[in-house]
Amino acid sequence: MRRASITEIACYTPPRVLTNADFEKIVDTSDAWIRERTGIVERHVVDPGTATSDLAYEACKKVLEQRGLRPSEIEAMIVATVTPDTLFPATACLLQDKLGMKGTWGFDLSAGCSGFLYALITGAQFIASGVHKKVLVVGSDVMSSIIDYADRKTCVIFGDGAGAFLLEPSDSGDVGILDFLHEIDGSGGPFLQMPAGGSRMPPSLETVQKKLHYVHQDGPQVFKYAVRKMFEISKAILDRNSLTVADIDVFIPHQANRRIIEATAERLGLCCDKVLINIDRYGNTTAATLPLATADAIRQGKLKKGGLVLYVAVGAGYTAGAALVRWAF
Ligand code: COA
């Protein structure tokens, strides 16, 4: 078994920015409330007509260019998203066609805000088993397409974005994806969901009028689960690898709320210069938060070759996951 390494990364956010001041004009909210309760200052959103595969395309194109690869060299691609362009065909198929990736295969993966982490670990298995040598892992979401911009409890939180990692076999034994720990708990489903549009409640005039095609969230319930689970799963993966927070160079958590991240870091005993927070600029971009945060960790010099990263995420489902990665470049 060869370890999978992350050998290239790129991200894309649409140019249009919505600031907290913009939301003050749309709903009964304030810049002070949003900053204090979420840590968010601004978020990127698409213009009408732009879909998840369009954002993903930009990120994947950059990965290929940066690594000097032809699209046909990618053997498999996994797209994590909760906002596919269409229920079917899969966004992976649309992306494959746009990128001109001849001879590849791929699929979409739905795991809420843990989607990117689940896709990363799934892609890593194809490398570790020797089946593939080049796998693209993509996280892309157009959250603005499922947000009710009249609901102040949800509309201020989310943003749009995409990111992609290239996975290849590791050159050296101690570099790459070292371990992962994932779990799901479906009893949390009702607390964060889009109720209609699937087979349980197909779209109808009534579902549209009742706004059931938007994100519905019990914020405080999700908040409590996230703080508890992010800590538990981070601690568990460190313990089973005989590591402590002192061994971690950078902690990259899913960006859902600054207070969730800070509470988790504090419980873990992580000092703040090891914790990557960029929710202020992007909001919660669901499947794109981890690549966007990784790109910032590299830019800020927090993540260098040989550095040890602890990724952690929680999301709708509930889904949760953590991964330890020794950085390869
Ligand atoms: N502006 C101003 N007031 C707002 C507001 C906004 N944008 N959104 C909610 N409020 C109000 C509520 O109406 C409520 O008022 P009330 O007491 O008069 O009823 C009050 O603020 C407190 O609401 P509450 O929902 O308890 O706030 P909170 O401190 O829990 O913050 C979230 C709300 C959504 C920011 C927070 O619960 C959260 O981040 N939850 C986790 C979300 C998450 O992680 N989701 C994705 C998971 S991957």
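Here are a few things to note about the model shown:
- In the chain, helical runs assigned H by DSSP with n ≥ 4 each contribute -39500 (n - 2.57); averaged across all residues and rounded to the nearest 500, the mean residue ellipticity at 222 nm is -10000 deg cm²/dmol.
- Relative contact order computed over region 4-169 (Cα-Cα under 8 Å; 6+ residues apart), in percent: 34
- Nearest-0.05 FRET efficiency for residue 50 and residue 27, computed from C-beta distance (R0 22 Å): 0.45
- Shape of the chain, Cα gyration tensor, a/c cut at 1.5: oblate
- Model label points for residue 125 and residue 224, set 7 angstrom from Cα along the Cα-to-Cβ axis, are 3.3 nm apart.
- The relative contact order of the chain comes to 25 percent, based on Cα pairs under 8 Å that sit 6 or more residues apart.
- Stretching residue 199 away from residue 298 to a fully extended chain increases their span by 31.4 nm, per 0.36 nm per residue minus the current alpha-carbon distance.
- Gyration tensor verdict on region 45-128 (Cα atoms; rounded if a/c is under 1.5, prolate if a/b is larger than b/c, oblate otherwise): oblate
- Simple spin-label estimate for residue 187 and residue 271 gives 4.0 nm between the two label positions (7 Å along the Cα-to-Cβ direction from each Cα).
- Full extension of the segment from residue 70 to residue 207, taken as 0.36 nm per residue of separation minus the current Cα-Cα distance, would add 44.9 nm.
- Within the accessible surface of the chain, defined with a 1.4 Å probe on protein heavy atoms only, the carbon and sulfur portion equals 54 percent.
- FRET efficiency estimate (nearest 0.05) - Cβ-Cβ, residue 19 to residue 172, R0 41 angstrom: 0.35
- Seen from all directions on average, region 189-329 presents a Cα convex hull projection of 9.7 nm².
- Per residue, the chain exposes an accessible area of 42 Å² to a 1.4 Å probe, with every protein chain left in place.
- Looking at the chain alone, DSSP beta bridges between its own residues are antiparallel in about 70 percent of cases.
- Here the Debye sum runs over all C-alpha atoms of region 4-169 as equal scatterers in vacuum, and log10 of I(q)/I(0) at q = 0.09, 0.16, 0.18 Å⁻¹ comes out as -0.33, -0.87, -1.02.
The values are calculated or read from the model by the stated rules, or taken from the named source; none is laboratory data. Note that the structure is predicted; figures quoted are calculated from it, not measured. Virtual Cβ from ideal backbone geometry, glycine too; neighbours counted across all protein chains shown. With ligands, DNA and RNA removed, areas are computed over all heavy atoms of the protein, side chains included. Shrake-Rupley method; radii C 1.70, N 1.55, O 1.52, S 1.80 Å.
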